[in-house]
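Taking it in order: structure first as structure tokens, then the write-up.
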């Protein structure tokens, strides 16, 4: 007598085809829920796979309606033990329990679940619980704010002292390089401050929602103070540069030598300067060799010399746009061969 082939997991039509190959007949049995077989697939046979078929050679096919489902019961406020009992009574398994700090529900009471209360879930699936725990007094509640406040106040006092009690601070800050360096320093201090906070957090913070909030607040306080100090520096830097007062940095002639020229060949040289308040103007004494001219606005020397001239000394003067103007002289030599 033929035995029943393995049909669980097949569609109805596929199972009927397998039975025909085995010389057996089929009939549709019940539609039942099954946690392991998808909807509309064969979830059971009678007789079972591997057993001999009856005298009528007919095998009953039971079709799955999928896992049975139900709604997660309302558990808010129940103790953990009571909530677990209610879940089991509803056909679910108890999953993990997570401790959450809250003042809304008494310690030990259930706050929420995953999946949430009232949502549909397959019977036998695990439901996780969030259980309330009380917030214990912790010395980090007052230590961290003190550390953050101390760092911020220290930086703030240092900058305010430099601005209002050090007479040379603002004049020095008018130099772009100095201002740029100070701003870079502030950025570096911010980076170091955040690194300190990260290091402290690994030692004195135990983790959790409340500790994360304290850590974020500390970063925000420090970053805000650094931003405020950077704004103060930027304001004074801009105000000093735009001021009509006498510039605090005198112009300096950068050029130290001029190229030699050749008769009947185009000549081009330049006398350059740094510092001072723009615009800069140039002059020279005595007059340059014949056919050469100094542009008073750029310091460029151009022309085509027609006569040779032995090496001579010329005094170049650069004058800035201050009121009163500041000038700087430099003696350079020039030869026409």
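Table for the structure above
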{"quantity": "Extent along principal axes [Cα atoms of the stretch 278-337; Å; largest to smallest]", "calculated": "41, 18, 12"}
{"quantity": "Calculated FRET value between residue 256 and residue 295, using beta carbons and R₀ = 30 Å, to 0.05", "calculated": "0.95"}
{"quantity": "Cα-based convex hull volume of the stretch 12-64 per residue, rounded to whole Å³", "calculated": "72 Å³"}
{"quantity": "Exposure proxy order (Cβ contacts within 10 Å, fewest to most) of 310, 33", "calculated": "310, 33"}
{"quantity": "Relative contact order for the stretch 260-337, counting Cα pairs under 8 Å that sit 6 or more residues apart, in percent", "calculated": "37 percent"}
{"quantity": "Contour minus Cα-Cα distance for residue 32 and residue 100 (0.36 nm per residue)", "calculated": "20.5 nm"}
{"quantity": "Computed E for residue 69/residue 20 - FRET, C-beta separation, R0 25 angstrom, nearest 0.05", "calculated": "0.10"}
{"quantity": "The stretch 12-64: relative contact order as a whole-number percent, Cα under 8 Å and 6+ apart", "calculated": "47 percent"}
{"quantity": "Full-extension gain in nm, residue 281 to residue 93, via 0.36 nm per residue minus C-alpha separation", "calculated": "58.8 nm"}
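Rule-based calculations on the coordinates, nothing more; no lab input. Source: prediction; values computed, not measured. Cβ sites come from the backbone with ideal geometry, for glycine too, and all protein chains shown count toward neighbours.
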